[in-house]
Amino acid sequence: MKALIITRDTQLQAEIASQGAARVPPLAVAAAYPGMRDALERPVPDNPHLVVLDASEVEPADADLLERLAKHYPRSCFMLLTRENQQELLIRAMRAGVREVLPLPLVHKAFHEALDRVAAAAGMSAMRDGKVLAFISCKGGSGATFIATNFGYALATLAGKKVLLIDLHGQFGDAALYISDQKPTMNLADVCGQIARVDGPFLESCLVHITPGFGVLAAADDPAHGAELKPEQMDAILRVARHHYDYIVLDVGRHIDAISLRALDNADAIYPVLQQGLPDIRDGRRLLDIFRSLGYPPENTRLIVNRYDKGGKLRLQDLQTALGAEIAHTMPNDYLSVTDSVNQGVPVMQLARGSAVARSLADFVELVTAHRVPETRGLFDRLFGRADADA
Ligand SMILES: Nc1ncnc2c1ncn2[C@@H]1O[C@H](COP(=O)(O)OP(=O)(O)O)[C@@H](O)[C@H]1O
Ligand SMILES: [Mg+2]
């Protein structure tokens, strides 16, 4: 994809160029001009796919230049970068057919999301739009790894989805072993170490494949290694992963570090896993407090009650009240099937298809896939009022 960049701000120009170059496929700079007049006087030969215009110094009176520019590049998508209080210009821009508006300073996540939309509109990507679902254990042993791994397998085999599971345990990650006997040759640290190379095929080549549609990226096994991982690398991996998988399942483990935190920031839904006991509730509450203080939307955090016992002293309603979060799903206690599955490293659906826990996983797959909400945020939301949600 090629872009024409119009800005007087050389730093911003370099920032756009470097963010664009890091994309897959890359966004190349066809030309960079300081102002709209230059772009009109010295047109770029092949219509660029994208025109990025820094409008921070554009006055409403200059809007006719913008209209002329839009006519000049009829097949280009226009992206406007604006300051606050440029409403008048924005309305003129919308009339001129500008499709993307982003606030300055540039928020990289929002910039890449906009580029994804531009690429999709230009038919430049047969890309998926994967969802990131994070499973986190309220207390060690609650069952997050068992559920994340077996849910990933169920999504791939029952719903035919392409699924990637990332084991985010900083230490002693063992997700792959719950469902396979293969030893991972590559792990998260290796992928981060070669982050500039990461694209769909490279990511695929680093996985332990459980089925053709379901792969596991093993945890960075060496904690010393893990300390070198950078949160930005997590962003990059998830960005690529979203384009190549329908679902990215995260096994977050119990300890939140800088890497898993960044992964959680990216999650579309977080499923804290807990059992019906006071220690789980206590720790669950702490976890949910953290999520609240981080500003995560409460509706994106949904509980999974594992080893659920209908006759238990603590009812589901009590759990919901104590934790102030909704319960998305309950998994039955199925000691024999689960222990066999975990010990043999074979997914429970494969080992005990008719078991209560396998049926429960199938229900959960239906719940998640049926509730997939399409992206509904329109241009207007992004223009007015909702820009902060991108930050
Ligand atoms: N629904 C269940 N029924 C019976 N046993 C379970 C169930 N879920 C998990 N377990 C058992 O609990 C143990 C701990 O689960 P695990 O997924 O490793 O917990 P976590 O990742 O939250 O620390 C597993 O070894 C498994 O045997
Ligand atoms: Mg675990």
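Annotations for the structure displayed:
- Basic side chains Lys and Arg get +1 at the Cβ, acidic Asp and Glu get -1 at the Cβ, and with that the dipole of region 131-370 about its Cα centre reaches some 540 debye.
- Loop-resident trypsin sites (Lys or Arg not before Pro) (DSSP state other than H, G, I, E or B) in region 244-316 with no more than 13 further Cβ atoms inside 10 Å of their Cβ: LYS310, LYS313, ARG315.
- With Cα atoms, 0 to 90° folded angle of helix 63-72 axis to the chain main axis: 80
- Nearest 10 degrees, 0 to 90: helix 356-370 Cα axis against the chain principal axis: 20
- Region 317-354 residues near the modelled ASP181 label - backbone nitrogen below 20 Å, point 7 Å along Cα→Cβ: 337-353
- Segment ARG37-ASP268, extension gain: residue separation times 0.36 nm, minus the distance between their alpha carbons: 78.9 nm
- On Cα atoms only, tilt of 335-344 relative to the major axis of the chain in degrees: 70
- In a DSSP loop and with at most 14 other Cβ atoms within 10 Å, the trypsin sites (Lys or Arg not before Pro) in region 33-103 are ARG75, ARG83.
- Sparsely packed loop sites in region 56-159 (the GluC sites (Glu not before Pro) outside DSSP H, G, I, E and B with at most 15 other Cβ atoms within 10 Å) comprise GLU57, GLU84.
- In the chain, the DSSP-assigned H stretches of four residues or longer account for a calculated mean residue ellipticity at 222 nm of -12000 deg cm²/dmol, using -39500 (n - 2.57) per stretch and the full residue count as denominator.
- Gain on full stretching of the segment that runs from HIS108 to ARG315 - 0.36 nm per residue minus C-alpha separation: 70.1 nm
- Gain on full stretching of the segment that runs from GLN350 to SER18 - 0.36 nm per residue minus C-alpha separation: 114.9 nm
- Whole-number percent relative contact order across the chain, with pairs defined as alpha carbons under 8 Å at least 6 apart: 16
- C-alpha center-to-center spacing [region 1-31, region 218-285] in angstrom: 31
- Here the contact order of region 2-126, divided by its residue count and restricted to Cα pairs under 8 Å and six or more residues apart, works out to 22 percent.
- If you sort the three axes of the alpha carbon gyration tensor as a ≥ b ≥ c, you get a/c of 1.5 or more for region 131-370 and a/b no higher than b/c, which makes it oblate.
- Where a label projected 7 Å from the Cα of THR369 along Cα→Cβ would reach, residues of region 315-351 with amide N under 16 Å: 349-350
- Exceeding the 24 Å Cα-Cα cut-off - candidates LYS131/LYS310; LYS161/LYS230; LYS131/LYS230; LYS139/LYS183; LYS109/LYS131; LYS161/LYS310: LYS131/LYS310; LYS161/LYS230; LYS139/LYS183; LYS161/LYS310
Quick note: the coordinates plus some simple rules give every number you see, no bench work behind them. Just so it is clear, the structure is predicted and the values come from calculations on it, not from any experiment. Virtual Cβ from ideal backbone geometry, glycine too; neighbours counted across all protein chains shown.
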